[in-house]
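Trainee: Here you go, one structure.
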Amino acid sequence: MKCDQVRQAFSDLYDERLSGPPLVTITQHLATCQDCRAEWADFRKAMLAVSDLGRAEPSLGFAARVRRRIETPTRFQRFLHGFFFPLRVKVPIQALALLLVAFAGVLLYQRSPELRRGTDLYSAPAPPVGREVPVTRPAPAGPPVTKPPAEERLQARPSEPVPASPPRAALEGERDRAAPAFRDEVKPLEKPAPPADVPKTEETARESRAKTAEPDVPVGRLRQVAPPAAESGGPAAPSQLAPKALAVPQAAPKPREAPASGKEAQTSAGQLRSADELYFDALADSARQRYDRSIEDFRAFIDQHPRDTRVPEARLRLADAYVAERRLAEAVQEYETLVREFPGSPLLPAALFKLGQARLDLGDRSGCQSLRNLIVRYPQAPEAALARETLSARCP
Amino acid sequence: MDEDRSLVDRARAGDTQAFETLVRRYQRWVFTLALRMLGDRAEAEDMAQEILLKAYRGLGRFKGASRFSTWLYSIASHHCLNSLQARRRRPASSSGGAMRSQARVEEDSPTAVDQLANGAPRADAMLERAELARVVQAELRNLRADHRLILILRDIQGLSYEEIADALRLELGTVRSRLHRARMELKTRLTPYLKSE
């Protein structure tokens, strides 16, 4: 056996795990090999030195300290214990806290209109506009009893704070400004029911609107002379209309002076009528040759909406209606007013021509001067040619 | 051993007194293992406490298939190896720990020092033994942790190959070969000191 093999067996030899021939062979080799014997001696000394280290005793009270650490609850156990125990104290406290939180939540909900309105928006079964339809339509003969929607809501819920209404009003205003088509849909809700003797006013209004969109006589002729205000800025200027439409339900009604007829009554109730309604109703009446009604509506339109861009055209048509009614003096007065108040209006050639004709019809020779003025100021206008013919025929 | 089982059952039921009895029975073994692995008494006490706490919290997993001592040796051995691995990942603290250990190795021979103070006979021999113990402890710490552990379990704690294999969950052959390599390495390291004696 070689020395390396013998030295590999030192550990087994030291632990007395060798027996039989291997033990004999190694013992004989150690007896004959001095180097291996010295190595074996060093090995045994080293192992004895390790064994001599022996076991060590921990310090006194080690076991008691271990027990204390075992009995000391962990931080998590302390938290759980502190949170739940003693149950007879902690459970009522936690239940009370839960009740307080729930109460605070309910209180917050009740005291916060925004929260309530938010939930109302999602839970309300019917839109408020639909509810107001029968309310906003006044009775045909009686005084207007319409309540503003905001006021109605306030009465329905007296505890609700006042600021609840502005958002809706603002919303309606925004709606009117942003979508004229929508405004047209809302308009019938605010329009008073027509009296029995005036059939289908809305239909006629729509018809007249359609007519203004097409060239027609006499409207079409005027549009050829100068574009009507309805096109230049009438319905297309909702910013002017929206505040009036909004102001209608909230403004105190101002009855007109002594309405003389059903039409007058309608006009009286028509505090709620918008500029559009008045203007288009007047156009429709004029087209149907109901000049008396047309005169009333144009007059009401001019009186109630003096800043409307369609006032020059309304005044011209009002004068035309007077002419048609053979009320020439009033027609002359309206033409003169138009020429005086709107000297830059594109309707001026027509106004001057008609003024001249009306004056001549009245036997007033100043009509010739009006026609001459027209020719001088607007030589290229179509009315200038007509004026020349009239002058040659009636002002020799 | 049946007494261990009954103590374990009582401790598992929450009887800390029973577990304290088990601690008293095995504290020396656990502390020695920690001390020889670490070389520092204070650290060894802390580690011994951690081992015993771990055993207490793991009593529910002790099924009784093996003896309680084997189960405890296993816990202690693996805890020592894991702790040393964790320390090796912290170089700053480990270097400090090594210096402290070097200083405190001398404290690990209280018996010799006490005997010297008491004026015991053969004072030179006692001093030599204390010095040798310090050197052996220091050289032990230079061994690989798994080699050191197997050497301590066999040559200091006196466990059999089979018990070591059970505790470390190793094959007997692996235990035998590792133990041989550990012994030969330590013998090589200690030979200069042993020759000078």
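Trainee: Kindly list the residues of segment B:3-42 that lie in the label zone of A:Glu71, defined by a backbone N under 17 Å from the point 7 Å along the Cα-to-C-beta vector.
Mentor: Once the point is set 7 Å along Cα→Cβ of A:Glu71, B:11-24 turn out to lie under 17 Å by backbone N, inside segment B:3-42.
Trainee: Sorted from fewest to most neighbouring beta carbons within 10 Å, what does the list A:Glu39, A:Glu296 look like?
Mentor: The order, fewest Cβ neighbours first, is A:Glu39, A:Glu296.
Trainee: Which value in nm describes the separation of the simple spin-label points at B:Gln17 and A:Phe79, placed 7 Å from the Cα toward the beta carbon?
Mentor: Going by the 7 Å Cα→Cβ label model, 3.4 nm.
Trainee: In whole angstrom, note down how far apart the Cα centers of segment A:287-310 and segment A:315-380 are.
Mentor: Value for the Cα centre distance between the two parts: 18 Å.
Trainee: For A:Arg17, A:Arg290, which order do you get if you count the other beta carbons within 10 Å of each Cβ and list the fewest first?
Mentor: A:Arg17, A:Arg290
Trainee: Still on this structure, please answer the following. With r as the distance between the Cβ atoms of A:Glu16 and B:Ala42 and R0 = 35 Å, compute the FRET efficiency 1/(1 + (r/R0)^6) and round to 0.05.
Mentor: 0.40
Trainee: Sticking with this one: If I model a spin label as a point 7 Å beyond the Cα along the Cα-Cβ vector, how far apart are those points for A:Tyr109 and A:Ala95 in nm?
Mentor: 2.3
Trainee: Could you please tell me the mean projected area of the C-alpha convex hull for segment A:3-50, averaged over all directions and given in square nanometres to one decimal?
Mentor: Its Cα hull, projected and averaged over all orientations, spans 3.0 nm².
Trainee: Just need the Rg to Rh number for segment B:121-197, please, alpha carbons only, Kirkwood Rh.
Mentor: Value, to two decimals: 1.07.
Trainee: Per-residue HN-Hα couplings for segment B:8-20, Karplus 6.51 cos²θ - 1.76 cosθ + 1.60 at θ = phi - 60°, whole Hz, x for Gly and Pro?
Mentor: Coupling constants for segment B:8-20: 4, 4, 5, 5, 5, 7, x, 7, 6, 4, 5, 5, 4 Hz.
Trainee: Of B:Ser66, B:Ser83, how do they rank once you tally other Cβ atoms within 10 Å and put the fewest first?
Mentor: Going from least to most buried by this count: B:Ser66, B:Ser83.
Trainee: May I ask you to list the chymotrypsin sites (Phe, Trp or Tyr not before Pro) in segment A:311-396 that are in a DSSP loop and have at most 11 other Cβ atoms within 10 Å of their Cβ?
Mentor: Those that pass, being in a loop and sparsely packed, number zero.
No value in this document is a laboratory result; all are computed from the given coordinates. Fair warning: this is a prediction, and the values are worked out from it, not measured in the lab. All Cβ positions, even for glycine, are placed from backbone atoms using ideal geometry, and neighbour counts span all protein chains on display.
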